[in-house]
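Below: one structure, written as structure tokens.
Where a number appears in this text, it was derived from the coordinates with a stated rule and is not lab data. Only a predicted model underlies this, so the values are computations on that prediction, with no experimental measurement involved. Backbone-built Cβ (ideal geometry, glycine too); neighbour counts: all protein chains shown.
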Amino acid sequence: MFNDIGALELVTLVVLAVLVFGPDKLPKVIQDVTRTIRKIREFSDSAKQDIRQELGPEFKDFEFEDLNPKTFIRKQLDNDELGLKEIRNGFDLKKEMAEVTDAVHGRESESSSGSSSSSSGSTGGRIDMSKKPETPARDDRPPFDADAT
């Protein structure tokens, strides 16, 4: 619950509590807060138990954490009935990125050289993606930017 509170923030909270409640009332306030948290947890546990009893034996393995959308989706994606693990394991990100890098730099990769040359026809399987500078004609003026002046 308080995993992201650092030491400085904790000291600040303690000093603030001492200033607000005073050193004589602070132990009583801490006891009241812990008692309230304990009662809330007991109430929550009893409500969960009542819901499980009302649902019946067909929902004996029901977990309330499954109601969290992230947990539900994670469990469904980890389920092997869909075959997503095979798809995930068959996808090699490093190989795909190497092929894209080779295509951008104009090199042929060893896996795409056979398949791309047969499908592209007269270009020999290579696509020229290098940026070529455009040379403007001698009487062409560069574009005028009114906001720049």
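Quick notes on this one:
- The residues packed around Arg38, meaning those with a beta-carbon under 14 Å from its beta-carbon, carry a net charge of 0 if Lys and Arg are +1 and Asp and Glu are -1.
- Lysine pairs within segment 5-93, Cα separation less than 22 Å, 8 or more sequence positions apart or different chains: 10
- Net charge contributed by nearby residues that have their C-beta within less than 15 Å of Leu16 (K/R +1, D/E -1): 0
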